[in-house]
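For reference, the structure discussed in these notes is given below.
The values are calculated or read from the model by the stated rules, or taken from the named source; none is laboratory data. The shown structure was predicted, so the numbers you read here are calculated from the model rather than taken from an experiment. Cβ placement follows ideal geometry from the backbone for every residue including glycine, while neighbour counts extend to all protein chains displayed. For the accessible areas, the whole protein counts, side chains as well, though only heavy atoms, and no ligand, DNA or RNA atoms are used. Shrake-Rupley method; radii C 1.70, N 1.55, O 1.52, S 1.80 Å.
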Amino acid sequence: MCGIVGVTGKDSAVSILLNGLEKLEYRGYDSAGIYVNDQDGHDYLVKEKGRIDDLRKEVGEAVHGSTGIGHTRWATHGEPSVANAHPQVSADGRFYLVHNGVIENFQDLKQAYLSDVTFKSQTDTEVIVQLVDRFVTKENLSTLDAFRKTLSLLGHSSYGFLLMDKEDPDTLYVAKNKSPLLIGVGDGFNVVCSDSLAMLDQTKDFLELQDGEIVVVKPNEIKITNQAGESVERKPFHVDIDAAQADKGTYPFYMLKEIDEQPNVMRKLSQVYLNDAGEPVINDDLMTALKAADRLYIVAAGTSYHAGLVGAKLFESLAGVPTEVHVSSEFAYNQPLLSAHPFFIFLTQSGETADSREVLLNVNEQHFPSLTITNVPNSTLSREATYTLLLHAGPEIAVASTKAYTAQIALEAILAKALGVATNQPAADDFDVKQQLALVANGMQALVDEKDTFEKISKDALLNTPNAFYIGRGLDYAVSLETALKLKEISYVQAEGFASGELKHGTIALIEKDTPVIGIITQKNTAGLTRSNLQEVAARGAKTITIVTDNLAKDGDTVILPAVDERLTALLSVVPGQLLAYYTSLNKGLDVDKPRNLAKSVTVE
Ligand code: F6R
């Protein structure tokens, strides 16, 4: 989703901003812009629809400065256009503002305070920059006080703001509510960003901001104040990511690199969370809280929700604890009746998903314990949950999530084993998670080494089809949902994941000659049934493809998966689906890593 960068105190501000915006490209955007100034009164505003490359060309050689702000915009109010791109500017050209989030009451504010102003954009953001200007010019407030007064009018809106005043050239004004923003601490300079990846080549020390705080950032000064205007002291945290980890090296796309990294992610999780004897090593307080729960509630969105569906089976079968899985955007406003002692698990790669955070805020208000499983240390959901476990998958840059999904399932397996052992469940004692994850890692390696096979299947069955189905039962159904999502989001094939027994209750009407139907068969008790369902669609002309575990395979099956514990087959059966989606997108000539309309980190509800 939208990205923010800012810098003060560096002569190379323009290249820092453009490089930073490039690092945020993966989050999804449709236009971008920068504003920079120098100490001699020169300033430049450059905006462009399309890619950062286009913006870079528009910026050219002449634009320079030592302080500036930049933005990638993912349209919410108003179409993607130069006028709607950020920075937005006040009518008199004095104030410049970039914004992530949504101002819910911008129409009311416009009417109440700005009915005489002619707006140049359709954005909610322009209202904010015009308001700051209004309070400075008409009410004689300082920029900081005008900013503070503006923020006090925004109700429950979500925002990360970075504001500049042309008359105060080296100062950045920063504020946030619900939307992530970090201050990067430099030596003689400072930076601001919505994601530390954008500024890792400038600093690795970052200050997190709390909702409602305002920060004034100068080259040698960072002043944080809370809503009441009191000053706040905070120590920076160190981000332990090598900038090179966020580089795609020789790979054509990040997605392929991230698919290939999955065997190592499995090994890394084993190293971090299992001791030499293969026993889970999990924080004692977290284990005590989990043991006290009578029901687990997994809350997540998209791919993470799909990982939750697999996790629920693991918690129920290994730890014997009833587990529900909920889509966060639904749960937030339709909370079901809860058990007496609920424990919430938030699955979120980014740790910033607004829908999931809304649930966490409600959970915190009700004083229930919670755990965030995330790939991003210090992310908002990590900070606000009672406990955090990290996925250690390395930065996931491609919009389509792959290694975070498998990391989430592997970590759920480790946690379910830990809880099962702690509560004396025989199933957990018999489950050698270390050995199984080693088998999974080897199995994944074998699959990613067969790329040509998947490219061929994609070309034969998926490249020219308008629609496709993945089907399965139980865990195979859960994976069908994920593999269908992968296919639709990056190749734009209308794909559905379906419970295979449910097809005949209506959806089978969509099957025509050559409609691809991919059956996932990894569960012994349902293998025969899914095969029958595949026969039913084949009889109606479908082109059937099977992804089957070794021990259940029959002559004519298309993809054979190495056998692992039945509870972990999702970790392998998903990989062909990831690669089929990748090659379909690639051979359609699409931008695999940055599919249309999508954002990596969805920070609006
Ligand atoms: C799909 C995908 C999304 C995310 C979803 C939740 O490939 O990546 O469906 O899974 O937006 O994001 P996180 O996990 O960051 O909360």
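Brief remarks on what is shown
- Cα gyration tensor shape for the stretch 248-447, rounded if a/c is under 1.5, else prolate or oblate: oblate
- Taking the Cα centre of the stretch 3-245 as reference, the dipole from Cβ charges on Lys and Arg (+1) and Asp and Glu (-1) amounts to some 400 debye.
- Exposure of TYR159 as accessible area (Å², to 10), given a probe of 1.4 Å and all protein chains: 20 Å²
- Net charge over other residues, Cβ less than 11 angstrom from the Cβ of GLU412 (K, R count +1; D, E count -1): +3
- Dipole in debye (nearest 20) - the chain, about Cα centre, beta carbon charges: Lys, Arg +1; Asp, Glu -1: 1080 debye
- Inter-label distance for ASN334 and ILE241, nm, one decimal - labels placed 7 Å from Cα along Cα-to-Cβ: 3.4 nm
- Tensor-based shape of the stretch 3-245 (alpha-carbon gyration tensor, a/c under 1.5 rounded, otherwise prolate or oblate): rounded
- Loop-located trypsin sites (Lys or Arg not before Pro) in the stretch 127-206 whose Cβ has at most 16 other Cβ within 10 Å (DSSP): LYS138, LYS166
- Of the residues THR225, ILE241, TYR254, the one whose Cα sits farthest towards the positive end of the charge dipole of the stretch 205-258 is TYR254 (charges of +1 on Lys and Arg Cβ, -1 on Asp and Glu Cβ, taken about the Cα centre).
- Other residues lying with their Cβ under 12 Å from the Cβ of LEU153 contribute a combined charge of +2, Lys and Arg counting +1, Asp and Glu -1.
- For the stretch 270-384, the equivalent ellipsoid derived from the Cα gyration tensor has semi-axes of 22, 17, 14 Å, listed largest first.
- Projected label distance in nm at ASP40 and ASN587, using a 7 Å step from Cα toward the beta-carbon: 5.7 nm
- Applying both filters, DSSP loop and at most 16 other Cβ atoms within 10 Å, to the GluC sites (Glu not before Pro) of the stretch 92-180 gives GLU104, GLU139, GLU167.
- Added length on full extension, which subtracts the Cα-Cα distance from 0.36 nm per residue, ASP514 to ALA112: 138.8 nm
- Accessible surface comparison of GLU482, GLU316, probe 1.4 Å, protein chains only, largest first: the order is GLU316, GLU482.
- Contour minus Cα-Cα distance for VAL272 and SER142 (0.36 nm per residue): 41.7 nm
- The slack between ASP92 and ASN105, meaning 0.36 nm per residue of separation minus the straight C-alpha distance, is 2.3 nm.
- Accessible surface of the chain [probe 1.4 Å, protein heavy atoms]: carbon and sulfur percent: 47 percent
- All-pairs Cα distance distribution in the chain, expressed in whole percent, bin size 10 Å: 3, 17, 25, 24, 17, 10, 3, 0, 0
- Dipole of the chain, positive direction: furthest Cα of VAL363, THR143, ILE457, with charges on the beta-carbon: ILE457
- Fraction of beta bridges assigned by DSSP in the chain that are antiparallel (%, nearest 5): 60 percent
- The spacing between the stretch 283-306 and the stretch 502-536, judged by their C-alpha centroids, is 33 Å.
- Relative to the compact-globule estimate of 2.2 N^0.38 Å, the Cα radius of gyration of the stretch 436-497 comes out at 1.26.
- Rounded FRET efficiency, nearest 0.05, which uses the C-beta distance separating LEU529 from GLU316 and R0 of 35 Å: 0.95
- Around ASP452: net Lys/Arg minus Asp/Glu count, Cβ-Cβ under 14 Å: -1
- Against the criterion of solvent-accessible heavy-atom surface with a 1.4 angstrom probe, ARG267, ARG234 sort, most first, into ARG267, ARG234.
- Each of GLU61 and ASP550 was given a label point 7 Å from its Cα along the Cα-to-Cβ line. The distance between the two points is 6.3 nm.
- Förster radius 25 Å - calculated FRET efficiency between LYS149 and ALA83 (Cβ-Cβ, nearest 0.05): 0.40
- Close Lys pairs in the stretch 218-326 (alpha-carbon distance under 28 Å; sequence gap of 8 or more, or different chains): 8.
- Summary value for the stretch 14-152: 20 percent relative contact order, contacts being C-alpha pairs under 8 angstrom separated by 6+ residues.
- Solvent-accessible area per residue in the chain equals 38 Å², computed with a 1.4 angstrom probe and all protein chains kept.
- 222 nm mean residue ellipticity, helices alone, for the chain (DSSP H n ≥ 4; -39,500 (n - 2.57); rounded to 500): -11000 deg cm²/dmol
- Per residue, the Cα convex hull of the stretch 450-593 amounts to 96 Å³.
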